[in-house]
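Written out below as structure tokens is the structure these notes cover.
The values are calculated or read from the model by the stated rules, or taken from the named source; none is laboratory data. Note that the coordinates shown come from a computational prediction; the quantities given were computed from them, not determined experimentally. Methodologically, a virtual Cβ is constructed for each residue, glycine included, from the backbone with ideal geometry; neighbour enumeration extends over all protein chains shown. Surface areas here come from the heavy atoms of the whole protein model, side chains and all, with no ligands, DNA or RNA. Shrake-Rupley method; radii C 1.70, N 1.55, O 1.52, S 1.80 Å.
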Amino acid sequence: MKGKIIKAHRGIYYVDIGDHIILCKARGLFREMELKPVVGDDVDIRISEEDGSGYIEKIYSRKNTLLRPVVSNVDQALIVMSLKNPAINLFLLDCFLLMCEKSRVDVLICINKSDLILQEKKKTLLGYYAASGYSIIFTSTVTGENSEILLDYLKGKTTVFSGPSGVGKSSLLNLLTKGKWQSKVGNISEKTKRGKHTTRHVELYKENANTFFLDTPGFSSLDLRFFESPYEIKELYPEFIQREKFCRFNDCNHLREPGCKIKENVARGLISEERYRNYELIFQEVQSNQRY
Ligand SMILES: Nc1nc2c(ncn2[C@@H]2O[C@H](COP(=O)(O)OP(=O)(O)OP(=O)(O)O)[C@@H](O)[C@H]2O)c(=O)[nH]1
Ligand SMILES: [Zn+2]
């Protein structure tokens with residue numbers, strides 16, 4: 001029987017087989033192969049005739065695996081941020097984009113709470129990412145702005161919702177699922193003392209047969225230790241890749257090398273200076289992680 005792992009908890013895998021969910025264990029064989037099933041995996045399962053429990057027999061090869069959180073077969077990440085309440089953290093957004101690029105997961109940037117933002121601020125943000133080619137959608141769960149367009153982007157895909165706490169991810173998921181999300185969330189979350197929901201497990205929400213949403217806990221920083229070397233980072237900037245062949249040195253890191261086209265583009269305003277500064281900071285952080 002074929003299915004999809006939608007949740008994993010304490011060695012039990014919740015496998016969606018279409019009309020219902022079967023709780024499964026992984027075969028010992030996977031451990032020997034050092035292969036661990038993850039949420040998002042398409043699997044074959046078998047129901048044991050002796051005890052009626054399910055066993056994962058086969059994990060189909062993965063299209064990709066997102067690094068944080070670990071989820072496979074992700075079609076896209078929706079990075080939700082707000083410009084106001086809370087203010088946007090572009091460094092964090094850039095780190096997140098790099099993580100998605102490294103995981104080979106497509107990205108859509110969603111700026112929520114659009115009702116609180118002046119047009120000017122939106123233009124500044126669009127300028128920051130213009131050269132990179134990332135798509136940005138402005139939404140508001142208060143006015144419903146662009147919710148239909150966003151839904152079109154999500155149809156038929158598996159989308160991971162990520163973003164800092166308080167940007168309106170839950171509100172957005174409720175709007176998109178016409179309230180079905182909230183009742184679902186009630187089952188898997190617990191209220192903390194401050195009365196806030198906290199997502200405890202990584203769990204795929206099935207909107208329909210081929211549309212899945214995955215909420216992730218709000219993050220305030222991203223551990224960059226998934227990078228093996230600082231020299232791989234530059235390859236994950238779309239606006240660098242298009243231009244780096246014109247740098248004088250073909251192993252140019254776009255830092256202090258002479259004849260660097262990237263720095264020239266920054267000076268000419270064709271690549272955002274702030275985004276370039278964040279590249280320098282990320283490079284340094286990964287370099288110092290490597291040393292210690
Ligand atoms: N003005 C405005 N407020 C919004 C919008 N979307 C959400 N909010 C408010 O922002 C606050 C946070 O919304 P949540 O949906 O809980 O945010 P979240 O990202 O899920 O937060 P965590 O659960 O902490 O990760 C709430 O008070 C919402 O009412 C919006 O589009 N505009
Ligand atoms: Zn260069």
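Applying 1/(1 + (r/R0)^6) with R0 = 35 Å to the Cβ-Cβ distance of E50 and S135, what FRET efficiency is obtained, to the nearest 0.05? The value I calculate is 0.10.
Hey, with R₀ at 22 Å, roughly what FRET efficiency would E57 and R10 work out to, going by the Cβ-Cβ distance, to 0.05?
It comes out at approximately 0.60.
Given a cut-off of 26 Å, name the pairs among K63/K234; K25/K169; K4/K102 whose C-alpha atoms lie farther apart than that in the structure shown. Too far apart for the 26 Å limit: K25/K169.
When the Cα positions of V160, C95, S135 are compared along the charge dipole of the range 95-161, C95 comes out farthest toward the positive end, with charges on each C-beta of Lys, Arg, Asp and Glu.
Think of it this way: in the chain, C24, C95, C100, C110, C260 stand alone, with no other Cys Cβ under 4.7 Å. For E203, nonlocal amide neighbours, meaning residues 5 or more places apart or on other chains whose placed amide H falls under 5 Å from its own, are D215. Only the Cβ atoms of Lys and Arg (+1) and of Asp and Glu (-1) were treated as charged; on that basis the dipole of the range 2-59 about its Cα centre amounts to roughly 240 debye. Taking L29, L255, L83 as the candidate residues, the one with maximal mean-square fluctuation in a Gaussian network model of the chain, Cα springs under 10 Å, is L29.
Evaluated with a Cβ-only charge set (Lys, Arg +1; Asp, Glu -1), the chain carries a dipole of roughly 600 debye about its Cα centre, given to the nearest 20.
Using the Karplus relation 6.51 cos²θ - 1.76 cosθ + 1.60 with θ = phi - 60°, the per-residue 3J(HN,Hα) values for the range 150-161 come to 4, 4, 4, 5, 8, 4, x, 10, 9, 10, 9, 8 Hz, with x marking Gly and Pro.
Taking a ≥ b ≥ c as the square roots of the eigenvalues of the Cα gyration tensor, an a/c ratio of 1.5 or more together with a/b no larger than b/c marks the range 2-59 as oblate. Remark on E57: its backbone amide H falls under 5 Å from those of D44, I45, R46, a criterion applied only to residues 5 or more positions apart or on other chains, H modelled at 1.01 Å from N. Entry comment: accessible area of the range 65-215 is 45 Å² per residue, from protein heavy atoms only and a probe of 1.4 Å.
Which of the three applies to the chain, rounded, prolate or oblate, going by the alpha-carbon gyration tensor with a ≥ b ≥ c and a/c under 1.5 meaning rounded? Oblate.
Roughly how many Å² is the accessible area per residue of the range 2-59, as a whole number, for a 1.4 Å probe?
59
When nucleic acids and ligands are ignored and a 1.4 Å probe is applied, H201 ends up with an accessible area of around 30 Å². Across the range 132-160, no residue has a backbone nitrogen under 14 Å from the label position 7 Å along the beta-carbon direction of R268. With contacts taken as Cα pairs under 8 Å at a separation of at least 6 residues, the chain carries a relative contact order of 15 percent. Label sites at K122 and F246, each approximated as a point 7 angstrom past Cα along Cα to Cβ, lie 3.1 nm apart. Just to be sure I understand: with springs between alpha-carbon atoms less than 10 Å apart, which residue in C252, C95, C110 has the highest mean-square fluctuation in the Gaussian network model of the chain? Ranking C252, C95, C110 by mean-square fluctuation puts C252 first. Karplus-based coupling profile of the range 252-257, in residue order and whole Hz: 4, 9, 6, 10, 10, 5, with θ = phi - 60° in 6.51 cos²θ - 1.76 cosθ + 1.60 and x standing for Gly or Pro. For the listed residue pairs K122/K263; K2/K36; K36/K155, the alpha carbons are over 27 angstrom apart in K36/K155.
Between L255 and A209, full extension at 0.36 nm per residue minus the direct alpha carbon distance yields a gain of 11.8 nm.
Amide H contacts under 5 Å for A77: D106, V107, L108, V160, restricted to partners 5 or more places along the chain or on a different chain, H placed in the peptide plane at 1.01 Å from N.
Is the range 71-132 rounded, prolate or oblate when judged by the Cα gyration tensor, a ≥ b ≥ c being the square roots of its eigenvalues, rounded requiring a/c under 1.5 and prolate requiring a/b larger than b/c? Spell out each step's value before the answer.
Numbers: a/c = 2.30, a/b = 1.85, b/c = 1.25.
In terms of gyration-tensor shape, prolate.
Of all DSSP bridge pairs formed entirely within the chain, close to 55 percent run antiparallel. Please compute, over every Cα-Cα pair in the range 1-146, the percentage with a separation greater than 25 angstrom. Value for the range 1-146 (Cα pairs over 25 Å): 46 percent. Just the number, please: carbon plus sulfur as a percent of the accessible area of the chain, 1.4 Å probe, no ligands or DNA/RNA counted. Carbon-and-sulfur percentage of accessible area, whole number: 49.
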